[in-house]
C-alpha cells in the first residue's frame, strides 16, 4: 500500500514523543512492503535539533508553507491507499480537509494525544489540529488511549469508527547494550519538561537526590528551568538523541516514568517510555 501521512515531526525527537513511535511504525510498514510518505512542516524549533533528514523506510516531505506543498500532497493522495493525519499536525485542519476530500481508499486520523485533545475540548479550549466539524468523515479514528476515551471520541468528535492503537517499541532500536559512563546512575528520567509532571519529578527524583548525596541521578529532556538549583549529584542532559536512548536506559539501575496528568486521569494510556525501558532491560 501507499500511505500518505501528515503529522508533527519525524525529523526531530527534541521535545517530541511522536518521532520515535512513528519511525518504528514506518520501519515495520516498509519491511512489509508498504510505501510511506510523511509531510512535516519545516519549523525552526525542530530544524535546530534534527536527528535525520532522510530515512530508508519513509519519504520525508519538508515544507515551509501549506500552499506550496498542497499540489504535491494532493497528487500523492490521489494515488494512495491510505491518507492519515495525526494530532499536533501544524496544518491539521487543512490536512484533514484535504484527506477527507480526496479519493484515497481509506481516510484515518490518529490522535496520539487523545486525553489532551478531549480535556481541552471539555474546557472549551480550541484544539488547532481538530476541524470545526470534528472527525466526521474519517473512515477510522485511531486513539493512543483506550477505555472511556474511545466513546468520548465518538460522541464529542463525531467519529464513526474508533479503535485504540497503543504505544509500542521498536526492537531494532531499543535493546540492552553495555552501560555508558555518562549515563550511569541509581535513577534516571527521560522526558521533556511538563508543568503537570514536574511535582512528581520533584517528589520521586529531585528530592531523593537531595537526601542521597552519595547516589548519582540523571535527568534528560528539554525546556527545564532552574537546573542550577538541582543538587550536584543530578547530571542533566538537555537532549539525548534516539540512537543514544538504549545506552541511557541500559546505564541506570532504575528509570522513572511520569505520565502527564490528563493521561493518568483517563487511564488506558501506557507511555512509550515504559516499553522502551523494558526493551532495554531496565
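Here the spin labels are modelled as points 7 Å beyond Cα on the Cα-Cβ line, and at residue 70 and residue 31 they lie 3.9 nm apart. Mean separation of Cα pairs under 8 Å and 6 or more residues apart, divided by the residue count, gives the chain a relative contact order of 17 percent. When every alpha-carbon pair in the stretch 213-282 is counted, what percent end up more than 20 Å apart? For the stretch 213-282, the fraction of Cα-Cα distances above 20 Å is 40 percent. If a/c stays under 1.5 just call it rounded; otherwise compare a/b with b/c (prolate if a/b is bigger, oblate if not). Do that for the stretch 1-47, with a ≥ b ≥ c from the square roots of the Cα gyration tensor eigenvalues. Oblate. Can you tell me how the stretch 26-80 classifies by the Cα gyration tensor, rounded, prolate or oblate, using a/c under 1.5 as the rounded cut? Oblate, because a/c is 1.5 or more while a/b does not exceed b/c. Estimated from helices alone, the mean residue ellipticity of the chain at 222 nm is -9000 deg cm²/dmol (sum of -39500 (n - 2.57) over DSSP H runs with n ≥ 4, per residue). Legend: translational diffusion of the stretch 2-164 by Stokes-Einstein, Rh = Kirkwood radius over C-alpha pairs, 20 °C, 1.002 mPa s; D = 134 µm²/s. Available extension along the chain between residue 228 and residue 265 is 10.2 nm, counting 0.36 nm per residue and deducting the alpha carbon span.
With R₀ fixed at 30 Å, the C-beta to C-beta distance from residue 168 to residue 126 puts the FRET efficiency at about 0.50. Cα centroids of the stretch 92-166 and the stretch 183-251: 34 Å apart.
Model label points for residue 50 and residue 103, set 7 angstrom from Cα along the Cα-to-Cβ axis, are 3.4 nm apart. For residue 192 and residue 63, what does the FRET efficiency come to when R0 = 22 Å and r is the distance between their Cβ atoms, rounded to the nearest 0.05? That pair, residue 192 with residue 63, gives E of 0.35.
Every read-out reported here was derived from the displayed coordinates using simple, explicitly stated rules and does not represent laboratory data. Keep in mind it's a predicted model, so treat the numbers as computed, not measured. Cβ atoms come from the backbone with ideal geometry, glycine included; neighbour counts cover every protein chain shown.
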